[in-house]
Amino acid sequence: MYTFDPYLVTGHLHPGDYNDPDFPEPLRPHDYNALINTLGLGRFCDGLTILTPAERRVRWTREFIEESLCEEVRHDIWPSSIISIEDLHHCVVVADCDQGDTYITCPRYGRRIVHLPHDSSDVTILGETFAELVVHYQHLMQKRFPYFDPWPYCSRRGAISFVVPPSINRQQLLNIFADNWGLSGRGSPTISDPDVFQSHFVPTLHAHVGLYFQDQRPAQYRLPTGSIEVTITLDVDSVDEIVGVFSAIANESDCRFEPNVGRPCNQQGHITKS
């Protein structure tokens with residue numbers, strides 16, 4: 001029984017039997033098959049992607065590993081005593097993230113996951129499960145708990161954004177979501193800078209709502225003081241509901257209600273509803 005239980009932003013997932021003959025068994029984290037076959041492709045905590053076989057073949061070819069990862073060792077960015085070019089020649093890239101870091105396994109460390117940061121020499125040897133990797137990433141990103149969303153890899157997922165004027169404050173905005181659709185009792189996963197940014201989950205819309213309270217752009221581009229910029233990733237079938245409520249509230253000149261739909265998932269498997 002697979003017990004790792006991150007919060008699921010949506011029940012629309014891509015489970016499937018992702019057979020990976022190019023991933024040697026001695027290098028596989030213990031929960032690889034369970035995680036990939038249960039959740040499919042997506043991102044943890046808005047940035048960490050556990051790679052399915054097809055994504056690995058597209059994004060992490062041997063040529064790209066040579067050009068990117070091996071060059072870090074050649075330029076003494078990562079200490080060769082911890083990770084060597086030989087290690088990288090036989091590694092499997094198991095995950096990557098929006099911050100540019102890479103996570104691998106290799107024969108020297110077996111199933112243990114190695115965190116290779118793109119802007120630091122602090123290579124970290126993690127444990128033998130993806131659950132440990134996700135918790136490691138969760139702490140790096142200062143999140144209260146792990147969560148998973150197939151955005152931006154799933155064609156059912158969309159993103160919309162709009163600006164709420166200063167006449168509506170933070171609590172009133174949250175009340176609009178709560179009164180119309182309900183908010184997850186988990187609260188905001190964000191720990192740092194709650195006066196700058198918070199996010200909340202709306203289970204009935206399969207939505208993750210991001211709220212930006214401070215506009216830190218150059219003065220000529222800033223929104224009026226007190227405005228709240230809202231970004232939402234959600235099921236495309238929920239877009240009309242959001243538009244129906246907020247089109248009368250949001251600043252029309254700053255609305256972008258057209259869904260930016262995630263690209264079609266090119267993995268095997270099918271979308272299922274929870």
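The values are calculated or read from the model by the stated rules, or taken from the named source; none is laboratory data. The structure presented is a predicted model; accordingly, all values stated were derived computationally and were not measured. So basically every Cβ, Gly included, is an ideal-geometry build from the backbone, and we count neighbours across all protein chains shown.
Quick notes on this one:
- The lone exception for ARG108 - which of (1) of a type in the set (Lys, Arg); (2) farther than 30 Å from PRO21 by Cβ; (3) surrounded by fewer than 16 Cβ atoms within 10 Å (Cβ to Cβ) it fails: (2)
- Count of the stretch 1-48 residues, restricted to those that are hydroxyl-bearing (Ser, Thr, Tyr), crowded, with 19+ Cβ neighbours inside 10 Å and not in a helix (DSSP H, G or I), is 2.
- Checking HIS115 against (1) out of contact with any Gly (no Cβ under 8 Å at 6 or more places or on another chain); (2) at pLDDT 95 or above; (3) in a loop (DSSP other than H, G, I, E, B), the condition it does not meet: (3)
- Some residue of the stretch 175-192 being without any contact (Cβ under 8 Å) to a residue 60 or more places away in the chain, of a type outside the set (Gly, Ala, Ser), surrounded by fewer than 19 Cβ atoms within 10 Å (Cβ to Cβ) and not assigned by TED's automatic domain parsing to the domain that holds ASP235: no
- Among the candidates ASP240, ASP235, residue that is over 21 Å from PRO165 (Cβ atoms), of a type in the set (Asp, Glu), touching a Gly at 6+ places or on another chain (Cβ under 9 Å) and modelled with pLDDT of 80 or more: ASP235
- When residues in the stretch 1-46 are screened for being of a type in the set (Gly, Ala, Ser) and not assigned by TED's automatic domain parsing to the domain that holds GLN99, 0 of them pass.
- Some residue of the stretch 72-83 being in contact (Cβ under 8 Å) with a residue 24 or more places away in the chain, in a helix (DSSP H, G or I) and under 22 Å from the mean Cα position of the chain (by Cα): no
- Search result, residues across the stretch 49-69 that are within 29 Å of TYR7 (Cβ to Cβ) and either not assigned by TED's automatic domain parsing to the domain that holds TYR103 or not in a helix (DSSP H, G or I) (or both): THR49, ILE50, LEU51, THR52, TRP60
- Considering residues of the stretch 147-158 that are over 10 Å from the mean Cα position of the chain (by Cα) and not hydroxyl-bearing (Ser, Thr, Tyr) only, the residue farthest from VAL239 (Cα to Cα): CYS154
- Selection from the stretch 230-239 of residues that are among the charged types (D, E, K, R) and surrounded by 18 or more Cβ atoms within 10 Å (Cβ to Cβ): ASP235
- Close pairs (8 angstrom Cβ cut-off, 6 or more residues apart or separate chains): more than 17 Å from PRO224 (Cβ to Cβ) and loosely packed, with under 15 Cβ neighbours inside 10 Å in the stretch 240-256, at pLDDT below 85 and not small (Gly, Ala, Ser) anywhere: SER247/CYS255; SER247/PHE257
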